[in-house]
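Quick notes on the structure that follows.
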Amino acid sequence: MMIVTGIDVFLRKAHPLPADILLITPPFTQLNTPYPATAYLKGFLQTRGFVAEQCDLGIDTMLRIFSRAGMTTLFAEIVDRPEASPNIARMIALQDEYIRNIDDAIRYLQGRNPTLAHRIAQRNLLPEAGRFAQVADLEWAFGTMGVQDRARHIATLFLEDLSDLIRETTDRWFGFTRYAERIARSAERFDALEEALTGPESFTDRYMLDILRSRIAETEPSVVALSVPFPGNLYAALRCGQWLHTHRPEIRVALGGGYANTELRSLKDTDYKQTETGTPDYDGLPLDQYISAIEVLNPMHRLWSDGRWNKLTMAHGCYWGKCTFCDISLDYIKRYEPLTAAILCDRMQELTERTGVNGFHFVDEAAPPSLMKALSLEILKRGMVVSWWTNIRFEKSFTRDLCQLLRRAGCIGVSGGLEVASDRLLTLIQKGITVEQVARVNRHFTEAGIMVHAYLMYGFPSQSAQETIDSMEMVRQMFETGILQSAYWHQFTMTAHSPVGMDPDAYGVKPVSSDVGDFARNDIPHEDPRGADHEQFAWGLQKSLLNWMHGHGIDQPLHKWFEFPVPRTSVAKDFMRNCLNTEEYLPLKPDTKWVWLGGKPSLNISTRAKKGNTWEVAELSVETPQETMVIRTDPAQGRWLADYLTRMTEKPDRTFLTREAEEDYMAVGLEDFGLFWDNKPVNGLWKAGLLKV
């Protein structure tokens, strides 16, 4: 098999135009939506005049196995298992129930039979095995949620039980989103993969290769390009390549994707500008066949596994590009290249028309705030109705007003790296943020109704036990104050292409082995002589976080989450509240852009009298989707404001600059523009959509 990442160059060398290409995502990535790599490639290849088809062998294989026919075959192969665990023995005894209900469960998760939710939620339809051991948590997690969500989680547990059955009896490498990942992750030597590939085909392999055979017969491609975004796709991709080499040797085979770009860096590729890649094309993928599962009770993880999302990228690379744990030496991080808001909206509209889906997941390393602002303004200018979410940095550019603008434009969630909630370690990481700054940004997003997910890290070089506990306390206070809704702890991994991995001595860590293999290289085992015993904190951090996300145990002392002595936190109990209570004052600058998202206001001027004195009062009314907002001003100022906002509604982009408004204000003979804007009634117009961005 030829392994390449510059697919366009490879194709032009291999074949004259046009070439028939089959783009394949091998098992397994996601069950709820197509991984976008082949859609990106198909859209790009079309701009170069190639004819390309695509298929997702992951969803195809999964649906073939998890069907009445697939389950019948599975249980027939494992019927006599005297060595089976009690859990597997129970499932074998209930095999008729599993076979009878599998098709209905799949159809329900595909959204085809929503009325089945009531029976599933009542737990009198689907058989239950080991994955239901924590079933008591269902009331805790779903007690205030709907029947549909509860049923989806139960149906997901039903499938995960069957996944355990397959893994214990017929295919030890099976996993819904990772297949044979353990032999591919950080595989510095090819030996384990070679041993697996020269062995007999697994239960999963048989289904996958049968589908591959059919796809090849249907399309008769000259080239097959296998995308390997993660280690959990590598074995399946190589198995497909092996089959093609044996049975269809005339077909050229290419392998690329995120795994190759990260772990096989001895390869060279040709890069293209974002503006040249075209719009992702999902034609040929079974968009109505994907399933919406609720695997874990984490709000942000749910977005990854529930519902169909079109994938797009605002910018190639990371505009920050300094974090010392990140692979910033690699092209996909260090080469920053943003698209324009107009191109992004064009692609969003095209994808919505093609797929019928108006939800978007922007898969950026870190979406730039300036482009998020421009994109939001363009979405609103075009009158688009969309939902979208993305990755960000928690930087101070995300003001209250910008977050309100993002929400108005359809942003529903952001995920960002808080990493270690310690200013010393954030400086060592070169994250460019402080804990106090993150707190304020999170408040802005939360108040705008945008869900916030934080990536958390423990075990960074030199991190002490005290810093781990203090970081944990910072996170606890964020949940306590309501400015964080979702989070996940990751243990630090030293990677070969990060500043820490390239110069471990500078960070006081030591690679466990200097032996470098001749295949893949990314994760580097290491020792941290100056740091704590990081692994022992894993369980307590994860357990506490799961509870905090659902409002439980927030007041419990931190040491209660661990089975070994830990230091007392040195963080003040009111640290986070003090951060949030600090006044934020943003002075008016002449070139600050304002945007008016409200409608035409109405003005009513009335006369008031008291103790023989009379005066006029102006009441400006603005209708918002939720309420009528009324502010009282001086009549002359009220007349000007009503007129100016009315004129704003007639502008296509509804934007103006501070100096433009001030000049207009003074032109009618009014004074003290700054004082006028700083008074409390007018200042509250941001709630109706008058935003400084």
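Values in this text are rule-based calculations from the coordinates and carry no lab data. Because the structure is a prediction, the values reported are computed rather than measured. When we count neighbours, we look across all protein chains shown, and the Cβ atoms used for this are built from the backbone with ideal geometry, even at glycine.
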Hey, got a sec? Which GluC sites (Glu not before Pro) in the range 648-678 land in a DSSP loop and have at most 11 other Cβ atoms within 10 Å? Glu650, Glu671
Loop-only chymotrypsin sites (Phe, Trp or Tyr not before Pro) in the range 536-597, please: DSSP not H, G, I, E or B, and at most 11 other Cβ atoms within 10 Å. Tyr585
Run through the range 502-559 and list the trypsin sites (Lys or Arg not before Pro) located in a DSSP loop whose Cβ has at most 13 other Cβ atoms within 10 Å. Arg530
Relative to the longest principal Cα axis of the chain, at what angle does helix 341-355 sit, 0 to 90 degrees, rounded to 10? 50 degrees
Pull up all non-local amide H partners of His453: gap of 5 or more, or a different chain, and H-to-H distance under 5 Å with H placed in the peptide plane. Val414, Ser415, Gly416
Candidate values (i) 52.0; (ii) 30.6; (iii) 35.9, label of the one derived for mean projected area of the Cα convex hull in nm²: (iii)
Quick one: check the C-alpha center-to-center distance for the range 440-460 versus the range 494-562, whole angstrom. 21 Å
Heads up, the range 489-619 by the C-alpha gyration tensor (a ≥ b ≥ c square roots of eigenvalues; a/c under 1.5 rounded, else a/b over b/c prolate, else oblate) looks prolate
I'd like the orientation of helix 465-480 relative to the chain: the angle between its Cα long axis and the longest Cα principal axis, in ° from 0 to 90, rounded to 10. 60 degrees
Per residue of the chain, what 222 nm ellipticity follows from adding -39500 (n - 2.57) for every DSSP H run with n ≥ 4, rounded to the nearest 500? -12500 deg cm²/dmol
In whole Hz and in residue order, list the ³J(HN,Hα) couplings for the range 252-261 that follow from phi through the Karplus curve 6.51 cos²θ - 1.76 cosθ + 1.60, θ = phi - 60°; x for Gly and Pro. 6, 10, 10, 10, x, x, x, 4, 5, 5
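Return Asp56, Asp574, Asp634, Asp327 ranked ascending by Cβ neighbour count within 10 Å, so the fewest neighbours appear first.
Result, fewest neighbours first: Asp574, Asp634, Asp327, Asp56.
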Net charge near Ala487, counting Lys/Arg +1 and Asp/Glu -1 over other residues with Cβ under 14 Å of its Cβ? 0
Hey, what angle do you get for helix 658-667 against the long axis of the chain, alpha-carbon based, 0 to 90 degrees rounded to 10? 20 degrees
Among the lysines, which fall within straight-line cross-link reach of Lys680, defined as a Cα-Cα distance under 22 Å, with same-chain neighbours fewer than 8 residues apart omitted? Lys589, Lys593, Lys600, Lys692
Count the DSSP beta bridges whose two residues both fall in the chain, then state the antiparallel fraction as a percent rounded to the nearest 5. 40 percent
To make sure I understand the rule: partners must be lysines, Cα under 20 Å from the Cα of Lys42, and not fewer than 8 residues away in the same chain. Which ones qualify? Lys13, Lys273, Lys311
Run down the aspartates and glutamates and flag those whose C-alpha is under 18 Å from the C-alpha of Lys373, throwing out any fewer than 8 positions away in its chain. Glu337, Asp346, Asp364, Glu365, Glu395, Asp401, Glu447, Asp591, Asp653
